[in-house]
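One structure is given here, and the rest of the page talks about it.
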């Protein structure tokens, strides 16, 4: 199986993370989640869909414990 594509962070996502104050929560997520969020948002064909997905990501980061509408708990470090 080929490796997943790596998506660069678009400026509009960076600005939204900063504006909503959730950049730290975003950076605390595993690399695969950060990459999945960016790919999922940027692959949307309609601008309205991009915005909806962006808002979902921002809300999940703000509230924590959720990744792509699924429960998620960060691994505890020893």
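Readers should treat all values here as calculations from the given coordinates under stated rules, not as data from a laboratory. All values derive from a computational prediction rather than experimental measurement. Positions of Cβ are generated from backbone atoms using ideal geometry, with glycine treated the same way; all protein chains shown enter the neighbour counts.
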Modelled label-to-label distance, residue 31 and residue 55, 7 Å Cα→beta-carbon offset: nm? 3.3
If packing is taken as the average number of other Cβ atoms within 10 Å across a peptide's residues, how do 50-58, 67-75 rank, most packed first? 50-58, 67-75
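Express in nm, to one decimal, how much length is gained between residue 14 and residue 1 on full extension, taking 0.36 nm for each residue of separation and deducting their alpha carbon distance.
On the way: separation 13, 0.36 × 13 = 4.68 nm, distance 3.02 nm.
Taking 0.36 nm per residue and subtracting the Cα distance, the gain is 1.7 nm.
Determine how many Å³ per residue the convex hull of the Cα atoms of segment 11-63 encloses. Kindly include the intermediate steps, with their values, before the conclusion.
On the way: hull volume 3.5 nm³, N = 53.
Looking at segment 11-63, the number lands at 67 Å³ per residue.
Under the rule of -39500 (n - 2.57) per DSSP H run of 4 or more residues, summed and divided by the residues of the chain, what mean residue ellipticity at 222 nm is obtained, to the nearest 500 deg cm²/dmol? Present the calculation step by step, with values, prior to reporting the outcome.
Details: 4 runs with 44 residues, N = 78.
Computed ellipticity for the chain at 222 nm equals -17000 deg cm²/dmol.
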Would you work out the relative contact order for segment 11-63, in percent, from Cα pairs under 8 angstrom that are 6 or more residues apart? 40
